[in-house]
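As structure tokens, the structure follows; a few thoughts come after it.
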Amino acid sequence: MVTAVDPGAEPSVSAWSPLRTATYRSLWLALLAANIGTWMQTVGAQWLLVHQANASTLVALVQTASLLPMLLLALPAGALADTFDRRHLLIAVQLFLVAVAAGLTVLTATGRMPPALLLTLTFAFGVGQALTLPAWAAVIPELVPRAQLRAASALGSISVNVARAVGPAAAGVLISQVGVAPVFGFNAVAFLVFALALVRWRPGDANTVEVPERFTAALRAGGRYVRHSPIVRRLLRRALVFVIPASALWALLPLVASRRLGLNSSGYGLLLAALGVGAILGALLMPRIRTLISPNRFLLLAGAMYGVTLIVVASVRSVPVVLVALLPAGVAWVTVLANVNAEIQLFLPGWVRARGLAVYQVVQGGGQAVGALIWGVVADVGGLVGAFLVAAALMLVGAVTSQIWPLPDLRGMVKDPTAYRPPLSLALQPDPRVGPVLVTVTYTIQPQQESEFLEAMEHVRGARQRTGAMRWGLFRAGETPDEFTEVYLVPSWDEHLRQHGGRLTEADQRAEERARDLSECTPAVRHLLPAAAEWTAAAGSPMPGSG
């Protein structure tokens, strides 16, 4: 249960407010160019394969090679973005993408681009994209004020949809006039522009990672945080409940265009354009909508709009009617996903933000991929119209669940880390790699306060597990019934110091202080270390952090 610190209404924020920040504006424009270049490259790669043997399979594999790295690498990419300096990581990845695009350009221009090499380089480009997305999403809260995060998320959706509209058209013109190689060359220039914009950005020292976590430890810590955070899990469920039925439209729209509406590829492009225009309108209208409708009521309205669109697409054979119906679907698509994405950005603390956003990207991308497969099978078994009607029913049911399991209220919540513990002196100072570490905290609780204490410890348990504890338990001494001992296991001493030196938030602090205030005596803390551990300092050396 989340209680907002400040229940007041949030100030109205324009859809364009983040662009008033010069750094964000320059990076957003550079990323827009990179997104356009990406769509141009996809069209260019597909065009190179259309005259090959088994062209249908090869053209489809271009999409697979582009998107597969996201599902395979999103979580490791999030760990990298939380482990290393995000700006340096982004610059390095963009330079890698420039090199890949330059290689595509040269090899294509010289006629040395067989299909296998093209797909390999397309996969390499997808790897770069997979490494970019979590780091960029985690950087946005460093670029704009907290109140503008939702608008910045909407602007990200505008960038994607403008690129989706402009990129393929621009690529088609270039290919018809000068061939495929210049298309790849434009992509190289676009990512070079993005890299230069990142070089010009000078974040504050507070955003620098001083002592990086070990990669595997960082990956496990991110998984623990998501697993033990009810708010993040609820936000991910909301995204999944919407994406799976919504993916029916994206997966089956080509069949609607050809079988039900009798359109060719240009007509299908017109349908996609209607969705894109709706998405752009949704991104522009989202700040205004939020001032008029609560987030959970808007989820209900957006789900209803999308469900009605699915019904119209399934039952109507008029192209103009379908085009009009696709506009609100585009609005609903971008506003729901941009809103959930922004809520996750608002909630996640900085130390785990990229890893949490990577999980969100896996859920969103995986939901679309699995949903597309499901609706393809349903359409084969029950027909195209039946698949759309089933998807519409699921969408409407999912919209109703937004009132049963609503979005949490995150207004006023502060997720910045806080270090509130006094220095700790140990008779033995372990090497940071030593582990696991068993921590015990013993409380003395009067009988009349037991129920309140047990409730408080549930919040403490969540804080311990989100910030590093592999196992947690609360025990009561049989010999002294007023003694309760909290026991939790941390993977290493380094993880324990991070747990109490940069991962705890003000909410975690309040939860622990509430439990400590209920104890008759100051809780006794002990750190049990492996007997065969190596020691790196003399006895009694002070160390930061405590139980």
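Read the figures in this text as sums done on the coordinates, not as results from a lab. The model shown is predicted, which means the values in this text are computed figures rather than measured ones. FYI the Cβ positions are ideal-geometry reconstructions off the backbone, even for glycines, and counts take in every protein chain you see.
So what does log10 I(q)/I(0) come out to for segment 213-413 at q = 0.08, 0.11, 0.16 Å⁻¹, using the Debye formula with one equal point on every Cα and no solvent?
-0.29, -0.54, -1.02
Modelling each spin label as a point 7 Å along the Cα-to-Cβ direction, I'd like the A477/L438 distance in nm, to one decimal.
With each label point 7 Å from Cα toward Cβ, the separation is 1.7 nm.
Just the ratio, please: alpha-carbon radius of gyration of segment 221-327 over 2.2 N^0.38 Å, N its number of residues.
Normalised by 2.2 N^0.38 Å, the Cα Rg of segment 221-327 equals 1.30.
Counting just the Cα atoms, what span does segment 115-197 cover along each of its three principal axes? Round to the nearest Å and put the largest first.
Projected onto the principal axes, the Cα atoms of segment 115-197 cover 45, 25, 21 Å.
When only Cα pairs under 8 Å and 6 or more residues apart are kept, what is the percent relative contact order across segment 11-205?
46 percent.
Which ³J(HN,Hα) values, rounded to whole Hz and listed in residue order, are derived for segment 514-522 from phi using the Karplus coefficients 6.51, -1.76 and 1.60 in 6.51 cos²θ - 1.76 cosθ + 1.60 with θ = phi - 60°, glycine and proline given as x?
5, 5, 5, 5, 7, 7, 5, 10, 4
Report the net charge of residues surrounding G398, where surrounding means a beta-carbon distance below 14 angstrom and charges are Lys +1, Arg +1, Asp -1, Glu -1.
+3
Give me the net charge for the shell around V199: Cβ to Cβ below 14 angstrom, other residues only, Lys and Arg +1, Asp and Glu -1.
Net charge in that neighbourhood comes out at +3.
Could you tell me how far the Cα centroid of segment 131-199 sits from the Cα centroid of segment 480-520, in Å?
Comparing the Cα centres of segment 480-520 and segment 131-199, I get a distance of 43 Å.
Counting each DSSP H run of 4 or more residues in the chain as -39500 (n - 2.57), what helix-only mean residue ellipticity at 222 nm follows after dividing by all residues, to the nearest 500 deg cm²/dmol?
Taken over the chain, the calculation gives -23500 deg cm²/dmol.
Compute the Kirkwood hydrodynamic radius of segment 11-205, taking the inverse of the mean of 1/r over all pairs of distinct Cα atoms, and give it in Å to one decimal.
Result for segment 11-205, one decimal place: 17.3 Å.
Using the Kirkwood formula over every pair of different C-alpha atoms, what hydrodynamic radius in Å results for segment 424-543?
Across segment 424-543, the inverse of the average 1/r is 15.1 Å.
Using each residue's phi in segment 20-26, evaluate 6.51 cos²θ - 1.76 cosθ + 1.60 at θ = phi - 60° and report the 3J(HN,Hα) Karplus result to the nearest Hz, with x for Gly and Pro.
6, 7, 4, 5, 4, 4, 5
Give the peptides 492-500, 507-515 in descending order of average Cβ contacts within 10 Å, highest first.
492-500, 507-515
How long are the three semi-axes of the equivalent ellipsoid of the chain, in whole Å, if each is the root of 5 times an eigenvalue of the C-alpha gyration tensor, listed from largest down?
They are 47, 29, 21 Å, listed largest first.
Would you mind counting up the charge near L299? Only other residues with Cβ under 13 Å from its Cβ, with Lys and Arg at +1 and Asp and Glu at -1.
+4
Can you list residues from other chains, or at least 5 along the same chain, whose modelled amide H is less than 5 Å from the amide H of V437?
Excluding prolines and chain starts, which carry no amide H, the hits are V490, S492.
Please give the length that would be gained between A393 and R112 if that part of the chain were fully extended, namely 0.36 nm times their separation in residues minus their C-alpha to C-alpha distance (nm, one decimal).
Stretched out fully, the A393 to R112 stretch lengthens by 96.1 nm.
Do you know the relative contact order of the chain, to the nearest whole percent, from alpha carbon pairs under 8 angstrom that are 6+ apart?
That works out to 19 percent.
Which far-off residues, 5 or more places away or on another chain, put their amide H under 5 Å from the one on L428, with H placed in the peptide plane?
Here G540 satisfy the definition.
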